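A short write-up of the structure that comes next.
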Amino acid sequence: MKNYFFAVIAVLVFSSFAHGQKSGNLMIGGGLDLIKSDFNEIGGKVQMGFEVNYFIISTFTVSGGAEFWTQGSNSLAIGMRWYPVNNFFLRFRGLIGENDISTGLGFSKPLNKNWRLETSGDYYFVGDFGFRLGVAYLLR
């Protein structure tokens, strides 16, 4: 059991250095909320967004973007992502216009050298949950 524990720790530590992106890269992405806890009917409220992530180091980004709703006010989004393990990320965003904060986690699946399929789940501090699906393009 002790060897198993050390093996898991070693994989987590070394995989955090094995990212396909480098500091200085940009990633441009967009997504659509498939599920949100304040949806009352299908198509009644649609939320989508886009963001640009700048990799300060291979495991940390700062981001800026916009969120659009068919009902409610649109927002600018400013935040960050941290990739503790390859392809998995934690994110934190402030939504200016909606006056809210969201935190979440996600998965970024590389499709090829530049394209990524992304999913994320977010908790909005006003009390809503959301699940988003999107794509991103990595500019090297």
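The values are calculated or read from the model by the stated rules, or taken from the named source; none is laboratory data. Keep in mind that what you see is a predicted model, and the values were worked out from it rather than measured. Methodologically, a virtual Cβ is constructed for each residue, glycine included, from the backbone with ideal geometry; neighbour enumeration extends over all protein chains shown. When the accessible area is computed, the model is the full protein with side chains, heavy atoms only, and any ligands, DNA or RNA have been set aside. Shrake-Rupley method; radii C 1.70, N 1.55, O 1.52, S 1.80 Å.
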Apply the Karplus parameterisation 6.51 cos²θ - 1.76 cosθ + 1.60, with θ equal to phi minus 60°, to every residue of the range 133-140 and state each ³J(HN,Hα) to the nearest whole Hz, in sequence, with x for glycine and proline. 10, x, 10, 9, 10, 8, 8, 9
Would you list which aspartates and glutamates come within 20 Å of LYS109, measuring only between C-alpha atoms, while excluding same-chain residues fewer than 8 positions from it? ASP33, GLU51, GLU118, ASP122
Rounded if a/c under 1.5, otherwise prolate or oblate - the range 13-140, Cα gyration tensor axes: prolate
Which of SER63, GLY94, MET48 sits farthest toward the positive end of the charge dipole of the range 13-124, with +1 on the Cβ of Lys and Arg and -1 on the Cβ of Asp and Glu? SER63
The range 101-140: spread of alpha-carbon positions along the three principal axes, whole Å, largest first, is 37, 16, 11
Accessible-area order for TRP115, TRP69, largest to smallest, probe 1.4 angstrom, reads TRP115, TRP69
Counting only the heavy atoms of the protein chains, how much of ILE96 is accessible to a 1.4 Å probe, in Å² to the nearest 10? 90
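Which semi-axis lengths, in whole Å and largest first, follow from the square roots of five times the eigenvalues of the Cα gyration tensor of the range 31-92?
Details: eigenvalues 144, 37, 11 Å².
Working through the eigenvalues yields semi-axes of 27, 14, 8 Å.
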Carbon plus sulfur fraction of accessible area for the range 28-140, probe 1.4 Å, in percent: 68
